[in-house]
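Notes follow the structure.
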């Protein structure tokens, strides 16, 4: 039997755990990593890369993702998957993370990603798509 807590007055008290969804999850949703906040999206992306989980890293990119520069998006994403699977291994934690709000459903994250003794400062833009956040752009700002 489920007990409903009561308030000091003896009336039933509504207890809400977690947070509400903007949209119900899709029964046939995408596989891979899911992030409930922009901060979590960036953290999940970094941890998946450090774990060499190319499938989860790839799932963090939106269908609206635009590759930096003149690169074709499909080719860029394929190169990223290869880099995750066999390239230099980054630290699972990002340094100097700053996240700016651009609108209700868009954030810009700037951070330092370390690969052993090497590091790059990056900018990643994430947008809310349903109940998760996905990357729509990524660029290297500076090689440190």
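Might you check whether a residue that is without any contact (Cβ under 8 Å) to a residue 40 or more places away in the chain, touching a strand residue (DSSP E or B) at 6+ places or on another chain (Cβ under 6 Å) and outside any strand (DSSP E or B) occurs anywhere in region 107-130? Quick ask: steps written out before the conclusion?
The first filter runs over region 107-130 and keeps only residues without any contact (Cβ under 8 Å) to a residue 40 or more places away in the chain, leaving 108, 110, 112, 114-123, 125.
Applying the additional criterion that residues be touching a strand residue (DSSP E or B) at 6+ places or on another chain (Cβ under 6 Å) yields 108, 110, 112, 119-123, 125.
In the following step, the residues that additionally are outside any strand (DSSP E or B) were identified as none.
No, region 107-130 contains no residue that is without any contact (Cβ under 8 Å) to a residue 40 or more places away in the chain, touching a strand residue (DSSP E or B) at 6+ places or on another chain (Cβ under 6 Å) and outside any strand (DSSP E or B).
Going by what's in this entry, would residue 52 be described as part of a loop (DSSP other than H, G, I, E, B) and either under 18 Å from the mean Cα position of the chain (by Cα) or under 25 Å from residue 37 (Cβ atoms) (or both)?
Working: part of a loop (DSSP other than H, G, I, E, B): yes; either under 18 Å from the mean Cα position of the chain (by Cα) or under 25 Å from residue 37 (Cβ atoms) (or both): yes.
Spelling it out, residue 52 is indeed part of a loop (DSSP other than H, G, I, E, B) and either under 18 Å from the mean Cα position of the chain (by Cα) or under 25 Å from residue 37 (Cβ atoms) (or both).
Inside region 93-106, can you point out the residues that are within 19 Å of residue 51 (Cβ to Cβ), touching a strand residue (DSSP E or B) at 6+ places or on another chain (Cβ under 8 Å) and part of a loop (DSSP other than H, G, I, E, B)?
Across region 93-106, the qualifying residue is only 94.
List the number of the failed condition for residue 95; all other conditions in (1) more than 24 Å from residue 72 (Cα to Cα); (2) buried (at least 17 other Cβ atoms within 10 Å of the Cβ); (3) at pLDDT 90 or above hold.
Of the numbered conditions (1) more than 24 Å from residue 72 (Cα to Cα); (2) buried (at least 17 other Cβ atoms within 10 Å of the Cβ); (3) at pLDDT 90 or above, the odd one out for residue 95 is (2).
Taking residue 81 as meeting all but one of (1) in contact (Cβ under 8 Å) with a residue 24 or more places away in the chain; (2) crowded, with 17+ Cβ neighbours inside 10 Å; (3) in contact with a helix residue (DSSP H, G or I) (Cβ under 7 Å, 6 or more places away or on another chain), write down the number of the exception.
Here residue 81 meets the rest and fails (2).
Which numbered condition trips up residue 90, out of (1) part of a helix (DSSP H, G or I); (2) buried (at least 16 other Cβ atoms within 10 Å of the Cβ); (3) in contact with a helix residue (DSSP H, G or I) (Cβ under 6 Å, 6 or more places away or on another chain)?
With respect to (1) part of a helix (DSSP H, G or I); (2) buried (at least 16 other Cβ atoms within 10 Å of the Cβ); (3) in contact with a helix residue (DSSP H, G or I) (Cβ under 6 Å, 6 or more places away or on another chain), residue 90 is out only on (1).
Give region 66-78 a look and list any residue that's free of Cβ contacts under 8 Å to residues at least 60 places away in the same chain and either surrounded by 14 or more Cβ atoms within 10 Å (Cβ to Cβ) or not in a helix (DSSP H, G or I) (or both), or say none. Walk me through how you get there before you give the answer.
Filtering region 66-78 for residues free of Cβ contacts under 8 Å to residues at least 60 places away in the same chain gives 67, 69-78.
Hits for region 66-78 are 67, 69, 70, 71, 72, 73, 76, 77.
The values are calculated or read from the model by the stated rules, or taken from the named source; none is laboratory data. Model, not experiment: these values are computed from the prediction. As a convention, Cβ positions derive from the backbone with ideal geometry for all residues, glycine included, and neighbour counts pool all protein chains shown.
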